[in-house]
Amino acid sequence: MRWSEVPHRAIELPEGGAWGEWGEFQRAFKGSPVGSHDFLFLMYGPGEPGLLCRVADGIEDLDLLYSSAPGPRYFCGADATETGLILFFEDFAEYDGAFTVVARLTGGGFRQGVGVPTGVPTGVPTGVPTVDPAALVAAVKRGAGLR
C-alpha cells in the first residue's frame with residue numbers, strides 16, 4: 001500500500017487496557033471511515049477466509065487475530081442488515097502488526113457497500129451474521145476488493 005498516495009491517518013494503539021479505556025484512540029478511530037461501522041471484516045490472504053467481528057472486539061485483539069499472519073494486514077468496515085452483510089472495502093485500514101493502525105480517509109465522496117448474502121449455521125446465535133465464502137469471493141471478483 002502506498003499511503004503517500006492515499007489520504008490517511010496513523011493512529012497509535014494504546015499499550016494494555018481495554019477498548020473502554022482507550023478514549024483518544026476511540027475518538028481518532030471512530031472519526032475515520034472504517035471506524036464508523038458496527039463491524040470489521042478482517043482479511044488474511046487470497047483464498048483464506050476472513051473474520052467478521054464487532055469493532056471493539058476486533059481492535060482490542062488485533063495482535064492476537066493477526067498473530068499467525070505477519071506483516072501489514074488489512075481490514076474494512078461492515079454493517080449487518082436484515083438481509084445480509086454489507087462490506088465497505090473502501091473504508092479500510094492497515095494494521096502494522098505492532099502498535100499502529102493506518103486508516104484511509106475518504107474526505108467525503110460516494111460510498112458504496114457490497115452486499116453479501118449471509119446465513120446462520122447451526123450453533124451460531126441468531127442475529128450474528130456469517131459470510132457465505134462463495135458470495136464473498138464473487139463480490140470481490142466484481143471489483144470491490146483491495147488490489
By the mean-Cβ-within-10 Å protection proxy, highest first, 88-101, 44-57, 1-14, 69-82 rank as 88-101, 69-82, 44-57, 1-14
Two pseudo-spin positions, 7 Å from Cα along C-beta at Asp79 and at Lys30, lie apart in nanometres by 1.7
Which residues qualify? For Phe89, with a placed amide H closer than 5 Å and at least 5 residues away or on another chain, they are Val114
For the Trp3, Asp38 Cβ pair and Förster radius 35 Å, calculated FRET efficiency rounded to 0.05 is 0.85
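Where a number appears in this text, it was derived from the coordinates with a stated rule and is not lab data. Owing to the predicted nature of the structure, the values given are computational and were not obtained by experimental measurement. Every residue, glycine among them, receives a Cβ derived from its backbone with ideal geometry; neighbour counts consider all protein chains shown.
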